[in-house]
Each structure stands twice: as structure tokens, then as C-alpha cells.
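Only one structure is covered here, and it is reproduced in the block below.
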Amino acid sequence: MAYTTIIFKNPNTGAIKEAPVGFSWTTLFFNFFPAMIRGDWKWAVIQLISALFTFGLSAIVFAFIYNKLHIKYLKERGFIDQSNIGTDSDSIKKGMKIPSTSSVKQSRNMVEKEHKAEQQPQVNLKYLSNSKFIKWFLLLNGALVLTFIWTGPFALLIPLLGFSGAMLSLFFAEWLAKRAHGIRVINPANPDSIEESWLYSTVEELSKRAGLDQIPEVGIYNGEDLNAFATGKNRQSALIAFSTGLLESMSKEQIRAVAAHEIAHIANQDMLGMVLLQGVINSIVITATLPLHALLLINLFSEERSLLIDAVIWFVKSVVAMVLVFLGNLVLKAFSRHREYRADAFSAVLLGKESMISALNVLATDTAEIPAEQRAYNTFKVSGRMSFGEILSTHPPIEKRIAALEEELYTQAPK
């Protein structure tokens, strides 16, 4: 098991990360998902391919080595070990024990004190970030693992099928969003106006305060609705886009609050969270309907094939799939509403709750129609239209979001 964690800091962005050292239990049980959640796509893909060819047994090997690989990955991205405890890659290779957790805590306290002035809201931001989608993902992933027990080693093909479509949508999300909205990306070296220069500088400043390693692309699209959204496959490759309606209707402080809200979605990897949940739901549907597919094949090759039995099995399979998809969508919408509260709180921690409340009050006045080709992106926008009820909506009612900010339901980290 892991001895402790090492504290890393990126001197360019101020981002602080904790890297576990030693045996990775999460890699053992969840294979390539820990690497994917950390944004380490190279090793996530390698672990996935290895799992498919070894029926999942490669997770045992990666459980011993992945934390070392992740530390190397952080160093390649410019993160510097802040623990000052002599924990270098050579000592890890030699199997030397890392000093006690108390030593790491002392070094962590030193680092936090040094940067307290420039990162005052860091504790609350970290609390909001840590509460992103992990518990939702693990809950559904646990249900998925339980369904795999009876299917044997070939069950690894099920998550591959379930996640393939969802992951493809993540990789092409930014390109598709630009095409659907006609987004014009701001060139930071040569903005078209003073307003564009200010907008990019605002996103740049807030991104650094939020601890992002890479400044997202900033875009503008023509739209009468008051909206903005974030998309992209990870924290290093993301886009924040603002509608012209929002930029023309809000004050600079309100725009800053909306920008911080969208940066929260990137910092918390909410896009990845939605995709992981969708992939698990897809896999559960495939697994649950697998016995019915088997019965169809048995009936197909039977000497006494019955069309009536075929019809009954198809009907039952369709009903089961529709019920599971519906329930899965309820979970996705619940997670979406949850992340909106968190993103509002993230903005409040960065800029103060008054700015975000003011921006929400302006959003509440929006009555403009969203173009049909853009409605598929409502989940990712700062303002979403209410459906037939809150349980079927991707966004909470604005009055509830304002009340949550006023009561500070999400902004205070637990003591």
C-alpha cells in the first residue's frame, strides 16, 4: 500500500497536487479509470489496451508501478516536489520508504503559508474540486462490477462498448461545439477589440487563481440568449465560450462571475464526469440485456424456433433497456444539477457570492429562444431551461441556486 503522498507545485500556475506513492489500490480495482480521471491519457489508453489483451490481469502489474509513472508525468509537466524530503525518482526506484505522513504535513503547511496571500481561497476550492464526480462514478461503477461477476473475463468487452461512444463524444466535444455555435476564438496575441482583450485577460487571471495548468481557449458566438459554456476533453484542452447576448447584457463583474463558474467546470473535470457516468450507464444496459440477447440466439438456432418467443424477448429487452436508460438519465441530470451548485460556489469563493448572485439575477430575466442546433449543449451552459420538473432538468431553478449561495450551502469546506 502507499506509504504517503508527495506535494507537487507548478511554479507557473501555482497549482498544487498530491501524488500518492506506493501500491495503487484504485488502479487494482478500477484499472485505467484513475489514470483517466487524473488526465493522464497516455497511460489510461495503455492500461485499457493491456486489460483487453490480458483479461484485466494487467491491473495487478500497474497497481505496483502506476503511482511512480504518475509522479514522472507530473514532473514532465513542470511540477516541482515541494516536500523537501529527498523523495526523488531514484529513491522510489530503489524501494526506499518515504518519510512519515507528519513530515509531509509539515512541508504541506510550509507551502501553503508561502502562497497564502496569492491563493487565499485554495482550501475551499480544493474542497469543491474533490467533491466533483468521484462518489457518483464509483457508485455506478460498483454496480457495474457486480453485474460482471456472472459474465466471466469477456465482461471487459462490455465497458469497452459502453465507454467507446461516450469517450468519442468527449474527444470531439470542443470541435462539435465550435461548429454548432459558430464560435470565434479570441487570439490573445492579437484580439480584435479592447473588450476581447479584457475578456481573455479575465479568463486567464481566474484560471490561474483556480489552479489550472493551461489557460482555456476563449470564444464568442452570436446568440440572443444570455449564456456561456465550457467544453473540452480535460483541464489541459478546454474552451470557454460566451454568447454576445450575455456580454452585452451583463456588467464586467457579472461576466467575471460567469467566467469563474465555467472555469469551475473545467477545474472539476465535469465534462469527463458526465462522460464516465454515461459510459457506466451504457455498460449496465448492455450487461442487463445480455441474457436476453443470449436467449434470442438460442431461439434462432433452435430446431423449433418460435417467432412468438422472438417477439416476446425483443419486447422485454426493449422495456428493460428503456427503463434503465430512463433511470440512468435521472442520475445524469441529478449529477448535472449538483455540479451547477458546485460551480456557483466555486465562483463565489473566487469572487464573492454577491457577484454570482447578481449574474444569476440577470440570467433569470432571459427569455430568448435557444437555436435548435445548440440545445444539445444546454447541459453545459450556465443557464439551462427548466423541463417538466426539476428532476428532469439539467439545471436547478435559479432561485434555488441563489438561495444556496446566500446560505453558503456549498462554499464552506467541512471542518
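Suppose the filter is in a helix (DSSP H, G or I) and at negative phi; does Arg342 pass it?
yes
Give all pairs with beta carbons closer than 7 Å in which a residue from segment 66-83 that is over 22 Å from Thr26 (Cα atoms) meets a residue that is in a helix (DSSP H, G or I); count only pairs at least 6 apart in sequence or on separate chains.
Once the first residue is over 22 Å from Thr26 (Cα atoms) and sits in segment 66-83, its partners that are in a helix (DSSP H, G or I) give Gln82/Ser107; Gln82/Val111; Ser83/Val104; Ser83/Ser107.
Which condition breaks for Leu297 when tested against (1) at pLDDT below 85; (2) within 22 Å of Met167 (Cβ to Cβ)?
Answer for Leu297: the failing condition is (2).
Quick one: which residue in Gly219, Gly211 is of a type outside the set (Lys, Arg), in contact with a Leu (Cβ under 8 Å, 6 or more places away or on another chain) and either at pLDDT below 85 or within 30 Å of Gln47 (Cα to Cα) (or both)?
Of Gly219, Gly211, the one residue that is of a type outside the set (Lys, Arg), in contact with a Leu (Cβ under 8 Å, 6 or more places away or on another chain) and either at pLDDT below 85 or within 30 Å of Gln47 (Cα to Cα) (or both) is Gly211.
Could you list, in sequence order, the residues of segment 369-388 that are surrounded by fewer than 19 Cβ atoms within 10 Å (Cβ to Cβ), outside any helix (DSSP H, G or I) and either modelled with pLDDT of 80 or more or under 25 Å from the mean Cα position of the chain (by Cα) (or both)?
Result: Arg385, Met386, Ser387.
Please find, among Val285, Val331, Val312, Val280, the residue that is touching a helix residue (DSSP H, G or I) at 6+ places or on another chain (Cβ under 6 Å), surrounded by fewer than 24 Cβ atoms within 10 Å (Cβ to Cβ) and closer than 30 Å to Gly162 by Cβ. First the steps, then the outcome.
On the way: Val331 fails: touching a helix residue (DSSP H, G or I) at 6+ places or on another chain (Cβ under 6 Å); Val312 fails: touching a helix residue (DSSP H, G or I) at 6+ places or on another chain (Cβ under 6 Å); Val280 fails: surrounded by fewer than 24 Cβ atoms within 10 Å (Cβ to Cβ).
Just a single option satisfies the conditions, and that option is Val285.
How do the pairs read when you match residues in segment 174-188 that are assigned by TED's automatic domain parsing to the domain that holds Asn234 and on the phi > 0 side of the Ramachandran plot with residues anywhere that are surrounded by fewer than 13 Cβ atoms within 10 Å (Cβ to Cβ) and modelled with pLDDT of 90 or more, using Cβ under 9 Å and keeping only pairs 6 or more apart or on different chains?
Gly182/Asn222
So how many residues does segment 208-241 have that are assigned to a strand (DSSP E or B), surrounded by 22 or more Cβ atoms within 10 Å (Cβ to Cβ), of a type in the set (A, V, I, L, M, F, W, C) and within 20 Å of the chain's Cα centre (by Cα)?
Of the residues in that region, 7 qualify.
Which residue pairs have Cβ atoms closer than 8 Å, lie 6 or more positions apart in sequence or on different chains, and pair a first residue in segment 367-383 that is within 14 Å of His395 (Cα to Cα) and touching a residue at least 12 places away in the same chain (Cβ under 8 Å) with a second residue that is outside any helix (DSSP H, G or I) and among the basic types (Lys, Arg)?
Here the result reads Asn378/Arg385, each pair linking segment 367-383 to a residue that is outside any helix (DSSP H, G or I) and among the basic types (Lys, Arg).
Which of the residues spanning segment 34-55 are β-branched (Val, Ile, Thr) and under 22 Å from Asp213 (Cβ atoms)?
Ile37, Val45, Ile46, listed by residue number.
Looking only at residues in segment 6-31 that are β-branched (Val, Ile, Thr), touching a strand residue (DSSP E or B) at 6+ places or on another chain (Cβ under 8 Å) and at pLDDT 75 or above, which one is surrounded by the most Cβ atoms within 10 Å (Cβ to Cβ)?
Ile6
The values are calculated or read from the model by the stated rules, or taken from the named source; none is laboratory data. No experiment lies behind these values; they were computed from the predicted model shown. When we count neighbours, we look across all protein chains shown, and the Cβ atoms used for this are built from the backbone with ideal geometry, even at glycine.
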